[in-house]
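Here's the structure we're looking at; comments come further down.
Every number in this text was worked out from the coordinates using simple rules, so none of it is lab data. If you're wondering where the values come from, they're calculated on a predicted model, not measured in any experiment.
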Amino acid sequence: MATQDDDTLTGPVPDPDAEPAPAELAHARRFAELVDKTLSGRTPPAMSADDRALLEVATVIRAAHGQLALAPGRQHAVVEDALRQAIGASPASASVAPIARARARRWAPWIVAGASTLVAAAAIALLWLRRPVQVHAPVARSVPEEWRSRPADPLIGPIAPERAGDAGTRIDAIFADRLDGFRARHLARGGKP
């Protein structure tokens, strides 16, 4: 199990003149194999964060020294494809994009942005220039007095103190009166009882 002392990035820095410890040699050997795998295109999917950080630094250092040349066969294929495109012939391999397609890729984001701006401007103009829809409010007709809401005082009358707890009977009388009004209106329009 690795501990804080085994961590090469955060552990103590060894004396440069001292002989490397067996753990340091094993870590260096394992890291060298990791770099070799990465350069050959077989980077392992899982590795420690320290190894990943060191691998990124090693890749940047290698790229900065200009040692990322293509193999001679690959260089020849790229040059041949570029020359074929220059004279108008189709490229032999699909790895190099045709020059016309490269130009289209360069202009494609600008074309999409321009088209979407045009659509947005048209939508704003349509909203601004269209005529508003005229909405006519319904005219209130006069309704008979029996259809309107009316106070329940004439129906119930004054409430005597000894009958104050009998609210259920009063509510039933109000409900029955309202139901009679509803039935009368509903039957007057031809509804079923």
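What the table below lists for this structure:
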| read-out | value |
| --- | --- |
| Additional length obtainable on full extension of the chain from Thr59 to Leu179, 0.36 nm per residue less Cα span | 34.4 nm |
| Fraction of alpha-carbon pairs over 12 Å apart in segment 20-68 - percent | 67 |
| Difference of contour (0.36 nm per residue) and Cα-Cα distance, Val139 to Ala18 | 33.4 nm |
